[in-house]
Amino acid sequence: MATKKRKKRRPKYGRIVVSLAVVGVFFYFVIRLGLDLFYNEQSTYLVEVGNLNIENQYSALVLRNELIVDTNLTGKITYFANEGEVVTKNHQIAEIYNDGTASVEATTDEREENRKKIEFDYNSLEYDITTLKNQIIFSMNEKQFDEIPVLKQQLIQKLDRLEKLQTENKFLSNRTASYAEKTIGEGNLLEGQKQAIYAPASGILTYKTDGYEDFLTIDNLYNINYDEISSLVLNETSLVHASVKPKDKLFKIVDNVNYFIAAIVSNEEIETYKNVQKITVVIDGKTLEGEVYDVFTNDKNAVAVIQLREGFEGFFTRRVINCSIVRENYRGLKIEMDSIVNIDGQIGVYVVDKERKLVFTPVKILGYDDEAAIVYNEQYYDQAKGIVRSIKQNQEVVRGASQYKAGDRIK
């Protein structure tokens, strides 16, 4: 009897596909549930006060102790020390030989005009103080109480500047002066006679001058209009000549162990320079340790005065520099960087309300690094909008803010 051939069963691909799909959906929801549980636990946090290194870029004025040496002698001059050389007191710098020749003195009219431009306007400061007082009275009468704290802060800053101008110039009060002149060589040299010129003090030697040595000084700190510094053109003049005559400047010696920079900062940053533990200044890639000497309002901006004790490349001739200043361990209201979003040009965060909905709240950053930022607490002032309400301590803020929008509800 012939045997029947058994039919080969065809695989049921449809059932396999359905089974795989069911398994896939199952694992999807399991993984999603796990991620949701983890993510929701990590997606928000309460804003607290913390520490952060705040770094900003600035333009700054260099203020140095400088000594200019001139002479009453006439004659040819020979130099024995080089530009930028560190010299000690009584180091021979040059030699003057009287051969009967004379030189022509350069005019300084343009420098005098520029000096007047950067002198601080004392009358304008008093006018601003009177105006702010009137604005505070007006705001009180009009019951515009939100405007008063900012006006009061501006008034206090300007009164502080006025007091410094009038009575608190610390450099003058303790009889220190950051600029001096010394004449070496009196009378006349006989024809054929020579006289050696020695350094009257230790420091860095330079044969360059810009004509502002007696004005852009440390002891003139509070009398400078810093808002004009960035537009100031400083033309250096070389003091190296073949011959000299009476009243000619010979060289300049700059203190190389102590100097200051006056950085132009915003008025809103004044508080970040008070009670800081440590200041680091970076100039042309070189990191320098510094101390905050003072911070005060100027007019449109403010000035942070930092004392430094180590030089940077060319510091003994440069007046205006660009630098980065780091305030280490600054304490303030701290938020995570991934909490910050930009909505139509407005920087802010999403705060979780009582119904677990996200509310966009503006913030203003004082400083930041790669991970976190320090922001104003509760409110800040905006020139266009006035007082702006912001986040405060212990409010709940969402992380990964770019994934959300205002009105979203979270678990």
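The values are calculated or read from the model by the stated rules, or taken from the named source; none is laboratory data. Here the structure is a predicted model, which is why all the values come from computation and not from measurement. In this analysis, Cβ positions are derived from the backbone assuming ideal geometry, glycine residues included, and neighbour counts consider all displayed protein chains. Just so you know, the surface numbers come from the protein's heavy atoms only, side chains and all, with ligands and any DNA or RNA stripped out. Shrake-Rupley method; radii C 1.70, N 1.55, O 1.52, S 1.80 Å.
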>> Can you pull out every residue in segment 300-317 that is more than 12 Å from ALA262 (Cβ to Cβ), touching a residue at least 40 places away in the same chain (Cβ under 8 Å) and crowded, with 17+ Cβ neighbours inside 10 Å?
In response: GLY311, PHE315, PHE316, THR317
>> Whether any residue in segment 232-249 is closer than 16 Å to ILE77 by Cβ, acidic (Asp, Glu) and buried (at least 17 other Cβ atoms within 10 Å of the Cβ) is what I want to check.
In response: yes
> Within segment 269-286, how many residues are more than 18 Å from LEU52 (Cβ to Cβ) and open to solvent by 20 Å² or more (accessible area, probe 1.4 Å)?
Replying inline: 3
> Within segment 355-368, is there a residue that is aromatic (Phe, Trp, Tyr), touching a Leu at 6+ places or on another chain (Cβ under 8 Å) and modelled with pLDDT of 90 or more?
Replying inline: no
> How many residues are more than 15 Å from the chain's Cα centre (by Cα) and either under 22 Å from VAL254 (Cα atoms) or among the hydrophobic types (A, V, I, L, M, F, W, C) (or both) if we restrict to segment 42-71?
Replying inline: 13
> Any idea which of (1) modelled with pLDDT under 60; (2) open to solvent by 80 Å² or more (accessible area, probe 1.4 Å); (3) in contact with a Gly (Cβ under 7 Å, 6 or more places away or on another chain) is the one TYR97 doesn't satisfy?
Replying inline: (1)
>> Please go through segment 366-396 and give me each residue that is in contact with a Lys or Arg (Cβ under 8 Å, 6 or more places away or on another chain) and of a type outside the set (S, T, N, Q), ordered by number.
In response: GLY367, ALA372, ALA373, ILE374, VAL375, TYR376, GLU378, TYR380, ASP382, VAL388
>> So, in segment 51-92, exactly how many residues are in contact with a Ser or Thr (Cβ under 6 Å, 6 or more places away or on another chain), outside any strand (DSSP E or B) and of a type in the set (Gly, Ala, Ser)?
In response: 0
> What residue, among those in segment 210-226 that are open to solvent by less than 10 Å² (accessible area, probe 1.4 Å) and in contact with a strand residue (DSSP E or B) (Cβ under 6 Å, 6 or more places away or on another chain), is farthest from HIS91 (Cα to Cα)?
Replying inline: TYR226
>> Looking at segment 227-268 only, could you name the residues that are part of a loop (DSSP other than H, G, I, E, B) and within 29 Å of the chain's Cα centre (by Cα)?
In response: LEU232, VAL233, LEU234, ASN235, GLU236, SER266
>> For segment 202-226, give me each residue that is part of a loop (DSSP other than H, G, I, E, B) and either in contact with a helix residue (DSSP H, G or I) (Cβ under 6 Å, 6 or more places away or on another chain) or closer than 18 Å to PHE315 by Cα (or both).
In response: SER202, TYR207, ASP210, GLY211, TYR212, GLU213, ASP214, PHE215, LEU216, THR217
> Looking at segment 293-411, what strands (runs of 3 or more DSSP E) fall wholly within it and have at least 1 residues that are farther than 30 Å from LEU132 by Cα?
Replying inline: 302-308, 320-336, 341-343, 346-352, 358-362, 365-368, 372-375, 396-398
> Exactly one of (1) of a type in the set (Val, Ile, Thr); (2) free of Cβ contacts under 8 Å to residues at least 60 places away in the same chain; (3) open to solvent by 40 Å² or more (accessible area, probe 1.4 Å) is unmet by VAL320. Its number?
Replying inline: (2)
>> Here is a list: GLN144, GLN166, GLN157. Which entry is closer than 30 Å to ASP128 by Cβ, modelled with pLDDT under 85 and open to solvent by less than 30 Å² (accessible area, probe 1.4 Å)?
In response: GLN157
> Does SER339 fit the bill of being at pLDDT 90 or above, closer than 22 Å to TYR273 by Cα and polar (S, T, N, Q)?
Replying inline: no
